[in-house]
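Input: a single structure, listed below in structure tokens.
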Amino acid sequence: MIHSYLSILIIFASCIALYLAYWLIKIAAGTVKIPLISTFFMLNYLVIIYIGSVLLNVFHFNYPGLDKRPDLLLYTWLYATAGLFLIPLGMIVVNIATGYKAQEKTRILLAKEINITSLDKSNFTFIVLILLFFISFVVLMIYRRELGILPIEGVFKGFSYGKLAYLRELSINQFTGHYYRYRIFMVNLPLLLLLIAFFMKKVAIKYKLLFYFLLLFNIFVNIMSLMKAPVVFLLIILLIAYIYLKRSIRKKQLISMSILIGTLLTSMSMFFMGNIGRSFRVIFSGIIRRICIGQIMPFFHYQLYWEKFGSLGISSFLPNPGGILPFESIPYTVKIKEFAFPEAFSSGVGGSMPTVFFGQWLISFGPLMALFSMVLLGIIIQSMDIFFVTKLANKKGVFLLALFINIIYFMSGFVGTGYGGILIHNGWIMPLFVILSIYAIRAILKEI
């Protein structure tokens, strides 16, 4: 064990911390029976941050420098444990400030059925969904033409793992055509349409067919770059939508979904990561490393960097689109990667090293602000929950619910990355724009 007997104490203390945090989150959110922005974020926090922080303080991992600084591993666990309490604390602050009765509102939300209006079922709405789907398909074709070959095609052509890894990097990080612009239409938009069609598929056969076409499209665009996480999150998003549709879920369904996700992760690890022929133990340990250790482990180097050079300041925290702000934005994830692996950078192998959200605050402003970021994030996610839950408790409309689930997924992504640019992000701007546009056009047509 890393800390000898102290590692056993960490395990014991972690179990107590998780138990106390569970009740604190339940009080702050009002329920844990349905996924909210806050509860789903905390679930991701548990899996991606907290479990990994405990494992790093118990087991030895073959990672450069870890064994030399066990004190930083201990600090990693302390930061992660602090987040279990400081995030719900921020949520409770918002509840008190707004007079929000979380338990009452979530109970009403859970009891209310989805309201499908005549406008939702109209031919106009269906045509709009078809047109948006067509736009997504056209953008995918343009992206395929610009790229030349999709990584998923390389699997069927029998390419080696090294060639597949190169294609994966080329399709996203090294794509010269501004990948994020394509992603808006290839990934973000179809996901929103899929959720709308999911809630509408019982209305008419045309919506059911649209749902299955959108499902196949979403599965394809999420695996075409050979990334495992997107398709797993797609299944989880559909599970969240199912919970809101049925207003409950059975343990049998959760177990079935867990088995399906485990099977998918194992299969993709074998065929996409060059693990064919390896033992199940090796594959399983690799999956656990990527899920539970991958994002928290770089925080070790963030602490080392801060210890040696101090804070980078606001220039590493805020983006500077078009150079409109009076500073030059520092790509801190690249800077940390260069600091951690200087030999790789000197040989021309670049890359970046993102980590958990409070890592950005640590490297920008120091330890106290890293802790403050947890409270602030609790304030942000609970404020968003209050807005959506209040609206949906009044009227659980299809489009607003689809937008809410989209935001649940979007916000969960900030567990493993900085959230300095959260105010200007396509992850929420695009779906909000689409929903508001549909509402506006339908209102105009209704007046006419």
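The values are calculated or read from the model by the stated rules, or taken from the named source; none is laboratory data. Everything numeric in this text was worked out from a predicted model, so none of it was measured. Positions of Cβ are backbone-derived with ideal geometry, glycine not excepted, and every protein chain shown enters the neighbour counts.
Quick look at the numbers
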read-out	value
Filtered residues of segment 218-230 (kept if farther than 18 Å from Phe41 by Cα and either surrounded by fewer than 19 Cβ atoms within 10 Å (Cβ to Cβ) or not charged (D, E, K, R) (or both))	Asn218, Ile219, Phe220, Val221, Asn222, Ile223, Met224, Ser225, Leu226, Met227
Single condition Ser122 does not satisfy, out of (1) at pLDDT 90 or above; (2) more than 30 Å from Thr176 (Cβ to Cβ); (3) polar (S, T, N, Q)	(1)
Those residues of segment 168-191 which are farther than 22 Å from Leu132 by Cβ and within 23 Å of the chain's Cα centre (by Cα), in sequence order	Arg168, Glu169, Leu170, Ser171, Ile172, Asn173, Gln174, Phe175
Selected residue [surrounded by 18 or more Cβ atoms within 10 Å (Cβ to Cβ), assigned by TED's automatic domain parsing to the domain that holds Ile237 and either modelled with pLDDT of 85 or more or within 22 Å of Leu436 (Cα to Cα) (or both)] from Ile196, Ile142, Ile127, Ile149	Ile196
Yes/no for Ile96 being part of a helix (DSSP H, G or I) and over 25 Å from the mean Cα position of the chain (by Cα)	yes
Residues located in segment 117-128, provided they are more than 10 Å from Lys206 (Cβ to Cβ), within 30 Å of the chain's Cα centre (by Cα) and not in a loop (DSSP other than H, G, I, E, B)	Thr125, Val128
Answer from Gly378, Gly418, Gly427 - the residue that is buried (at least 22 other Cβ atoms within 10 Å of the Cβ) and modelled with pLDDT under 90	Gly418
Residue list for segment 218-231, filter: assigned to a helix (DSSP H, G or I) and hydrophobic (A, V, I, L, M, F, W, C)	Ile219, Phe220, Val221, Ile223, Ala229, Val231
Residue count, segment 236-250 (criterion: free of Cβ contacts under 8 Å to residues at least 40 places away in the same chain and in contact with a helix residue (DSSP H, G or I) (Cβ under 6 Å, 6 or more places away or on another chain))	2
Residues that are acidic (Asp, Glu) and free of Cβ contacts under 8 Å to residues at least 12 places away in the same chain, drawn from segment 107-165	Glu153
Residues located in segment 237-260, provided they are assigned to a helix (DSSP H, G or I) and basic (Lys, Arg)	Lys246, Lys251, Lys252
Single condition Phe365 does not satisfy, out of (1) closer than 20 Å to Ala82 by Cα; (2) hydrophobic (A, V, I, L, M, F, W, C); (3) modelled with pLDDT of 95 or more	(3)
Condition met for Ser53 (in contact with a Leu (Cβ under 9 Å, 6 or more places away or on another chain) and assigned by TED's automatic domain parsing to the domain that holds Pro354)	yes
Helices (runs of 4 or more DSSP H) enclosed by segment 133-189 - at least 1 residues per element that are of a type in the set (Ser, Thr, Tyr)	161-171, 179-183
Condition check for Met91: crowded, with 21+ Cβ neighbours inside 10 Å, free of Cβ contacts under 8 Å to residues at least 60 places away in the same chain and within 20 Å of the chain's Cα centre (by Cα)	no
Hey, Glu104 in contact (Cβ under 8 Å) with a residue 40 or more places away in the chain and loosely packed, with under 14 Cβ neighbours inside 10 Å or not	yes
Where Leu73 falls short, out of the listed (1) surrounded by 19 or more Cβ atoms within 10 Å (Cβ to Cβ); (2) within 21 Å of the chain's Cα centre (by Cα); (3) within 28 Å of Gln360 (Cα to Cα)	(2)
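Rundown of residues vs (1) farther than 17 Å from Leu43 by Cβ; (2) in a loop (DSSP other than H, G, I, E, B); (3) at pLDDT 80 or above, yes/no style:
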| residue | (1), (2), (3) |
| --- | --- |
| Leu216 | yes, no, yes |
| Phe233 | no, no, yes |
| Thr266 | yes, no, no |
| Phe271 | yes, no, no |
| Val282 | yes, no, no |
| Cys292 | no, no, yes |
